[in-house]
Amino acid sequence: MKANYLGLELASPVVVGSSPYTATLPNIERCAAAGAGAVVLKSIFEEQIYRQAASMERMEGYGDAGEYLERYLGDAYKSELLTLVRDASATGIPVIGSINCVGSGDAWIDYATSMQQAGAAALELNLFLLPTDRHAAAQEIEQHYADVVRKVAAAVTIPVSVKLPMRLTNVLAVGDALLARGARGVVLYNRFFEPDIDIEQMSFVGADPFSQPGELRHVLRSTALCSHVLPQLDVAVSTGVHDGAAAVKALLCGASAVEVCSAIHYHGYEVIGQIGRFIDEWAARHGFDSLKAFRGRMDYGSSEGDFYQRVQYMKYFPHGVE
């Protein structure tokens, strides 16, 4: 079933999100063969460049050559990335570049314009600043997001979407600010690296990086709200989509596309086609001949608004628990 996301016509609303499954050309070709509507390339991270440069400086005794190393490693990293963009674009499906923006400089502008020139059909900005300063107000942090989007969107002509963190006070206000600065879409939500603790070794370890099907519940309400209040923004759901039913729920809430990653980890590349076929079969069973015919049927404005607004367990626990 065809979809329109960020002004791009997709053969399917199932997009493979930024992940190891979009980090190499053979993997991207497997995504395309499985029926993906588009792929979001694995994000580029400036920390990787800086950390590698710092490590080489310590180990090799380069002294004050850190700046040269950063530039050299950055150029090598960038060249490899752009080659992937060009090669992946030849697969015939839209390729969306992904930038993990953490710095406040303008380096991302150069990456964004270079990816557009290499053939990227759109860009996805992966934004999150961990609040560690108790004096930094939420508005200040969100303003940084808006500033990054403004700079990137002004530098390119391809559409820009923003992968948002889940921990926002008002996702609608943030979405509105991003729209005003040139964003064409938002992705709900970013999945972070979360630390866990080994209590025997008393050391930090990485928590499970993969989503679970139950996490979809964290996204549906926001999707229904954003798609209704901010119809100019295309919404993609990126958390908890593990099967066709989850994808249909997201589309009914108003999503234009769904991004899958963990589902591929658990079920293989074939899950991409399985989800797409489920959407087609479900739509045919209910008499819908296009995605447009049912997308947003259960968004905030088209269904029971009070159901979306209620956040306490009034229905389930009206008299307390004995």
All other residues with a Cβ under 11 Å from the Cβ of Gly17 taken together, and with Lys, Arg as +1 and Asp, Glu as -1, what is their net charge?
-> +1
Sequence of Phe128, Phe193 when ordered by accessible area, the most exposed leading, probe 1.4 angstrom = Phe193, Phe128
Using a 1.4 angstrom probe on the protein heavy atoms only, line up Met166, Met298, Met115, Met202 by accessible area, largest first.
-> Met202, Met298, Met166, Met115
Three-way shape call for the stretch 188-297 based on the alpha-carbon gyration tensor, with the a/c threshold at 1.5 = oblate
Lys2 accessible area, 1.4 Å probe, all protein chains in place, Å² to nearest 10 = 140 Å²
Between Phe192 and Ala284, 0.36 nm times their residue separation minus their Cα-Cα distance comes to what?
-> 29.5 nm
Among Thr91, Thr22, what's the order by accessible area (1.4 angstrom probe), most exposed first?
-> Thr91, Thr22
Per residue, how much accessible area does the stretch 136-232 show when a 1.4 Å probe rolls over the protein heavy atoms, in square angstrom?
-> 53 Å²
Considering only protein heavy atoms, what is the solvent-accessible area of Asp176 at a probe of 1.4 Å, reported in Å² to the nearest 10?
-> 80 Å²
When all protein chains stay in place, what accessible area (Å², nearest 10, 1.4 Å probe) is found for Glu200?
-> 150 Å²
Computed ³J(HN,Hα) along the stretch 188-195: with the Karplus parameters 6.51/-1.76/1.60, θ = phi - 60°, integer Hz and x for glycine or proline, the list is 10, 9, 5, 9, 8, 6, 10, x
May I ask you to compute the full-extension gain from Ala33 to His144, defined as 0.36 nm times their residue separation minus their alpha-carbon distance, rounded to one decimal in nm?
-> 36.1 nm
Taking a 29 Å limit on the Cα-Cα distance, which of the listed pairs Lys2/Lys163; Lys163/Lys292; Lys2/Lys42; Lys78/Lys163; Lys151/Lys249; Lys163/Lys249 fall beyond it?
-> Lys151/Lys249
Lys2 to Ala76: extension gain in nm, 0.36 nm per residue of separation minus the Cα-Cα distance?
-> 22.9 nm
Nearest 20 debye, what's the magnitude of the dipole of the stretch 222-288 about its Cα centre given +1 on Lys and Arg Cβ and -1 on Asp and Glu Cβ?
-> 140 debye
Amide H neighbours of Gly37 under 5 Å, counting only residues 5+ apart in sequence or on other chains, H built in-plane at 1.01 Å?
-> Ser12, Val14, Val15, Val16
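The values are calculated or read from the model by the stated rules, or taken from the named source; none is laboratory data. For clarity, every value in this text was computed on a predicted model and none was experimentally measured. A quick note on method: Cβ atoms are made from the backbone with ideal geometry, for glycine too, and the neighbour counts reach across all protein chains shown. Ligands, DNA and RNA are excluded from the accessible area calculation, which covers all protein heavy atoms including side chains. Shrake-Rupley method; radii C 1.70, N 1.55, O 1.52, S 1.80 Å.
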